[in-house]
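Below is one structure, written out as structure tokens; the observations come after it.
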Amino acid sequence: MIEYFVHIDPNRPPRDLVVVSTDVPDDVSRVSVAVNRLPANWRKTPAPARLAAVGDDFAAAGKATILVVPSVLVPSESNWLINPRGPRFGSIRVHASEPFHYDERFFV
């Protein structure tokens, strides 16, 4: 939510956001990218093109379903990118979406 929030126009926050949760079985394959495997400028804005290549390479390899990458805003935390063409993608349970709105205090 924070990764998306930093890109929101505070004068025109979206009103149509939803949040979706999932259950990911332990046996769904994942690949983790360590910070030291990323380009030195990986936290810069705009993002370096090499970052997109990391995701592209992961998807093209087709060996895992989830790519775990460090958060740009909180590098000790991670974001999970899910490849719908990955093995065992079908075993991920997706729950119903729910409306989501950022608390107005974020915009003050």
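The values are calculated or read from the model by the stated rules, or taken from the named source; none is laboratory data. No experiment lies behind these values; they were computed from the predicted model shown. Quick reminder, even Gly has a Cβ in these numbers, built from the backbone with ideal geometry, and neighbours come from all protein chains shown.
Residue by residue, here is whether (1) in contact with a Pro (Cβ under 9 Å, 6 or more places away or on another chain); (2) of a type in the set (Ser, Thr, Tyr) holds:
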{"site": "His7", "(1), (2)": "no, no"}
{"site": "Arg43", "(1), (2)": "yes, no"}
{"site": "Glu77", "(1), (2)": "yes, no"}
{"site": "Val94", "(1), (2)": "no, no"}
{"site": "Tyr102", "(1), (2)": "yes, yes"}
* Asked: Taking Val69, is it out of contact with any Asp or Glu (no Cβ under 9 Å at 6 or more places or on another chain), part of a strand (DSSP E or B) and modelled with pLDDT of 95 or more?
  -> yes
* **Positions within region 1-40 being out of contact with any strand residue (DSSP E or B) (no Cβ under 8 Å at 6 or more places or on another chain) and not in a loop (DSSP other than H, G, I, E, B), in sequence order** => Ile2, Tyr4, Phe5, Asn36, Arg37
* **Filtered residues of region 1-55 (kept if surrounded by 14 or more Cβ atoms within 10 Å (Cβ to Cβ), over 30 Å from Asp103 (Cβ atoms) and either aromatic (Phe, Trp, Tyr) or touching a residue at least 60 places away in the same chain (Cβ under 8 Å) (or both))** => Val28
* Structure fact -> Scanning region 20-74 residue by residue, those touching a Ser or Thr at 6+ places or on another chain (Cβ under 9 Å), over 21 Å from Phe5 (Cβ atoms) and small (Gly, Ala, Ser) turn out to be Ser29, Ser32, Ala64
* To do: Can you tell me which residue within region 57-71, out of those that are crowded, with 17+ Cβ neighbours inside 10 Å and among the hydrophobic types (A, V, I, L, M, F, W, C), is nearest to Ser29 (Cα to Cα)?
  => Ala64
* Just checking, how many residues over region 96-108 are in a loop (DSSP other than H, G, I, E, B) and over 19 Å from His7 (Cβ atoms)? -> 2
* **region 81-95, residues that are of a type outside the set (Val, Ile, Thr), in contact (Cβ under 8 Å) with a residue 40 or more places away in the chain and closer than 26 Å to Val6 by Cα** => His95
* **Failed item in (1) aromatic (Phe, Trp, Tyr); (2) farther than 18 Å from Ser21 by Cα; (3) within 13 Å of the chain's Cα centre (by Cα), with Trp80 passing the rest** => (2)
